[in-house]
Amino acid sequence: MHGFFIAIHTIISILLITVILMQASQGGGLSGTFGSSATSAIFGGRGAATFLSKLTTWLSVAFMALAILISLVSTPSTVDTESLLKKEAENRVITPGADLSLPATQDTEPVTE
């Protein structure tokens with residue numbers, strides 16, 4: 001189920017990017033690239049801008065709703081409130097003197113000259 005939501009979320013994000021880029025801006029946008037005459041013939045002169053802005057709104061709402069849904073689905077069902085450091089300290093076996101290293105041995109033979 002989690003993978004399905006992520007796949008839908010990816011498709012919606014790609015559609016949202018495409019719709020935003022197709023909107024006519026001051027520079028013309030990509031709407032002229034995809035044939036502005038065909039778009040204006042289908043939707044009318046102002047209809048394309050209105051349709052694209054409404055589609056942008058709906059896709060952005062769906063994007064945000066899916067993002068929240070994915071975050072709710074992916075949270076763990078059991079929350080462990082105990083600290084990891086406390087757990088590790090309890091599991092560690094303490095042996096007195098285990099970490100102490102032996103002192104280096106020195107030669108005790110007398111030096112003869």
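Residue check: is Ala49 part of a helix (DSSP H, G or I), among the small types (Gly, Ala, Ser) and at pLDDT below 80?
Numbers: part of a helix (DSSP H, G or I): yes; among the small types (Gly, Ala, Ser): yes; at pLDDT below 80: yes.
In short, yes.
Within the stretch 10-41, the set of residues being at pLDDT 55 or above, polar (S, T, N, Q) and in a helix (DSSP H, G or I) comprises Thr10, Ser13, Thr18. Of the residues Ala65, Ala7, the single one that is modelled with pLDDT of 75 or more and either loosely packed, with under 11 Cβ neighbours inside 10 Å or among the hydroxyl-bearing types (Ser, Thr, Tyr) (or both) is Ala7.
The values are calculated or read from the model by the stated rules, or taken from the named source; none is laboratory data. Just so we're clear, the structure is a prediction, and the values are computed from it rather than from any experiment. Using ideal geometry, Cβ is built from the backbone for each residue, glycine included, and neighbour counts are taken over all protein chains shown.
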